[in-house]
Amino acid sequence: MVQLDINKEISLQRIRDIKQYLWIDRQTRAVLLEFSTYNANVDLLAFTSMLVEFPVTQGAVHSCRTEVMKANALNVFTVFLYICRCLLAIGVSVWIGFEVRKFIKVGREYFGAFSTWINWLLIFVSLGSCIIYLLFHFKLDSVLSEMNEDKNKYIDFGTVSLYQRAHRDFIGMLNALAIFKVVTLLKLNRRISLFMVILKDSGGPLVSFFMVFFVLIMAYASISYLWYGFAIAEFQSVLRTLYNLTGAFLGSFGFLNDLVEVNSAFSHVYFITFQITSNFVMLNVMVALLMESYEVFKNDSLLHPRDHELKGVMVDQIWTSIRDAVLMTNKLEE
């Protein structure tokens, strides 16, 4: 590992030295360049990692990753975020108390409901996001203090960026689970109730459909990775290939010109067959599966509760939560 200096001449001399002593030769498989920058005007830190790989099959494959993170300067927005995170921790603690009381009251039947598992999954994801944020906060403080002690020393922000990415992933899962909870509450609505019944009835065929669809998109991803991975950044890994093919399925295909430049004849056939197979065939098969269940349940009025019940249930749950919180507070005071 070679550490460059903040002085340009010293850094160039070190680069010339490693070039002179054949630091990169035929046995070299990768070269990694990492650096960090800080913008005091907007209080942002940026960690950049550039990687060039030299596979055995010759050639070079490059990739770049940049993570931007906020420093710890206090302002109105950061104070607001701290307050929100504290409220989240308090809310999760109260929620755990409610769930434990419910388990003590109900017993083993408590774990029989599917919503119970969703509740505990939400609790664990919330706790995980709080723990990851604390680790990110402490690690960032440690790195910044180390940087202030010796400004000529290279400071690795890689671990800090990993904590930040993990925190964003936890927040994403938390949002998805929260939306799912809201949808389960909206099942009291006539249309949402019908939609959930249709999904439940067509669950088996839909699982088989998604397995076939996964095999199909993996086949196209393998072809894309092997045929275009050496020349197009969007196909340099299987995961990136799957991501871009999913975007193409949804209508985002900005890489089409790059495909044509690599191989014009094959690219047109590849792209047209992918669009026809995924959009015209597979999508219509899924719609047909849902419509088959819809025809069965659309006239069954017993499955559709009245719409005005939703408002009453929501109001009852809010008042119940407030009453339980007040009772718990009184017991703690006693």
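The values are calculated or read from the model by the stated rules, or taken from the named source; none is laboratory data. What you see is a predicted model; the values in this text were computed from it and never measured. Reconstructed Cβ throughout: ideal geometry from the backbone, glycine too, with neighbour counts over all protein chains shown.
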Are any residues in the range 137-157 in contact (Cβ under 8 Å) with a residue 40 or more places away in the chain and assigned to a helix (DSSP H, G or I), and if so, which ones? H137, L140, D141, L144
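When only residues in the range 64-111 that are farther than 30 Å from F157 by Cα and basic (K, R) count, which is modelled with the lowest pLDDT?
Taking the range 64-111 and keeping what is farther than 30 Å from F157 by Cα, we get 90-111.
From what is left, the residues that are basic (K, R) are 101-102, 105, 108.
On the way: R101: 82, K102: 80, K105: 80, R108: 76.
Filtering the range 64-111 for residues that are farther than 30 Å from F157 by Cα and basic (K, R), the one modelled with the lowest pLDDT comes out as R108.
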Given the structure, is I131 of a type outside the set (S, T, N, Q), over 30 Å from R29 (Cβ atoms), touching a residue at least 24 places away in the same chain (Cβ under 8 Å) and surrounded by fewer than 16 Cβ atoms within 10 Å (Cβ to Cβ)? no
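Which is within 25 Å of the chain's Cα centre (by Cα) and surrounded by 14 or more Cβ atoms within 10 Å (Cβ to Cβ), of Y220, Y228? Write out each step before concluding.
On the way: Y228 fails: within 25 Å of the chain's Cα centre (by Cα).
The conditions single out Y220.
Only one residue in K181, K187 is in a helix (DSSP H, G or I), at pLDDT 75 or above and not aromatic (F, W, Y). Which one?
On the way: K187 fails: at pLDDT 75 or above.
Within the list K181, K187, the selection yields K181.
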Condition check: over 26 Å from S142 (Cβ atoms), surrounded by 14 or more Cβ atoms within 10 Å (Cβ to Cβ) and in contact with a strand residue (DSSP E or B) (Cβ under 9 Å, 6 or more places away or on another chain). Does F54 satisfy that? yes
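Which ranges mark the helices (runs of 4 or more DSSP H) fully within the range 255-334 that have 3 or more residues being under 28 Å from V197 (Cα atoms) and at pLDDT 65 or above? Explain how you work it out, then say what you get.
Numbers: elements: 256-262, 264-275, 283-297, 309-333.
Because the criterion is at least 3 residues that are under 28 Å from V197 (Cα atoms) and at pLDDT 65 or above, the helices (runs of 4 or more DSSP H) in the range 255-334 that meet it are 283-297.
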Scan the range 30-51 and give yes if some residue there is out of contact with any His (no Cβ under 7 Å at 6 or more places or on another chain), surrounded by 11 or more Cβ atoms within 10 Å (Cβ to Cβ) and on the phi > 0 side of the Ramachandran plot, otherwise no. yes
Which listed residue, of Q58, Q27, Q13, is modelled with pLDDT of 80 or more and among the polar types (S, T, N, Q): Q13
Before we move on, is V207 hydrophobic (A, V, I, L, M, F, W, C) and under 30 Å from S11 (Cβ atoms)? no
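When you go through R168, R240, R190 one by one, which is the residue that is among the charged types (D, E, K, R), surrounded by 15 or more Cβ atoms within 10 Å (Cβ to Cβ) and closer than 30 Å to S126 by Cα? Talk me through it step by step, then tell me what you get.
Numbers: R168 fails: surrounded by 15 or more Cβ atoms within 10 Å (Cβ to Cβ); R190 fails: closer than 30 Å to S126 by Cα.
Only one candidate passes the filter, namely R240.
Tell me which strands (runs of 3 or more DSSP E) are completely within the range 12-102 and hold 2 or more residues being more than 24 Å from the chain's Cα centre (by Cα), or say none if there are none.
30-39, 44-53
Inspect the range 245-254 for any residue being surrounded by fewer than 12 Cβ atoms within 10 Å (Cβ to Cβ), part of a helix (DSSP H, G or I) and either at pLDDT 75 or above or among the charged types (D, E, K, R) (or both) and give the result as yes or no. I'd like the intermediate steps shown before the answer.
Our first condition is that a residue be surrounded by fewer than 12 Cβ atoms within 10 Å (Cβ to Cβ); within the range 245-254, this holds for 250-252, 254.
Of the ones still in play, those that are also part of a helix (DSSP H, G or I) are none.
No - not one qualifying residue is present in the range 245-254.
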